[in-house]
Amino acid sequence: MRLSSPLGVRLQHVAGRALLAILDGDKPVAFLRFLVRSGRDWTAPPPVRRETTLPASIKSRTTLANEREDRKREREAAEARAQRTKPLAEHLQAFVMLKSALDQRVL
């Protein structure tokens, strides 16, 4: 306090603005002295921090195009697998005939 009075700095203003930084330091008293001597106007309101927004995607156009192509290929491969696993009309007819034959035996 003896140091801050002649400089016109109030410790509560410094502590109000930089308390976390002071407490995190290895030598809080030395850091507080440094801040008092820095010549900063501690009574001024802190500057407004504007949030910077990142673009929706930081990937390059080539990467995005490649990812679209990969998704398209995966979709086509899934459709091809689905087509291969669909039962054919002949198989469905045979199944219906087998089922009807079994139903007649049970009744």
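Which trypsin sites (Lys or Arg not before Pro) from the stretch 10-78 combine a DSSP loop assignment with at most 15 other Cβ atoms within 10 Å? Can you show the working numbers first?
Values: sites: 10, 17, 33, 37, 40, 49, 50, 59, 61, 68, 71, 72, 73, 75; in loops: 10, 40, 49, 50, 59.
Those satisfying the criteria are 10, 40, 49, 50, 59.
[x] 16.0; [y] 22.1; [z] 15.3: which one is Kirkwood radius over Cα pairs in Å as calculated from this entry?
[y]
Give me the base-10 log of I(q)/I(0) for the stretch 61-106 at each q in 0.17, 0.21, 0.23 Å⁻¹, Debye formula, one uniform scatterer per Cα, rounded to two decimals.
-0.64, -0.75, -0.80
GluC sites (Glu not before Pro), restricted to the stretch 35-107: which are DSSP loop and have at most 16 other Cβ atoms within 10 Å? Kindly include the intermediate steps, with their values, before the conclusion.
On the way: sites: 51, 67, 69, 74, 76, 79, 90; in loops: 51.
Qualifying residues, ordered by number: 51.
With charges set only on the Cβ (+1 for Lys and Arg, -1 for Asp and Glu), what does the dipole of the chain come to about its Cα centre, in debye to the nearest 20? Show your work: numbers first, answer last.
Working: 21 positive and 12 negative charges, 101 e Å.
Computed charge dipole of the chain: roughly 480 debye.
Every read-out reported here was derived from the displayed coordinates using simple, explicitly stated rules and does not represent laboratory data. Bear in mind that the values here come from a model prediction, so they are computed numbers and not experimental data. Virtual Cβ from ideal backbone geometry, glycine too; neighbours counted across all protein chains shown.
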